[in-house]
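Following: one structure in structure tokens, then a few remarks.
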């Protein structure tokens, strides 16, 4: 699988930016993020399909 360099140069800063935004939202809304992660764990049976 050969991925061109320009895709890395575009996608990696975008992914890092999204990650930083998500971390800040999780720090700001602790209760909401806890509920989200608990609900996400209930999707465990779907992970193997």
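What follows is calculated from the coordinates using simple rules that are stated; it is not laboratory data. Keep in mind it's a predicted model, so treat the numbers as computed, not measured. Virtual Cβ from ideal backbone geometry, glycine too; neighbours counted across all protein chains shown.
Would a scan of the range 12-30 turn up a residue that is in contact with a helix residue (DSSP H, G or I) (Cβ under 8 Å, 6 or more places away or on another chain) and free of Cβ contacts under 8 Å to residues at least 60 places away in the same chain?
Yes, that holds for at least one residue.
Is it the case that residue 38 is within 17 Å of the chain's Cα centre (by Cα), surrounded by 10 or more Cβ atoms within 10 Å (Cβ to Cβ) and in a helix (DSSP H, G or I)?
No: the conditions fail for residue 38.
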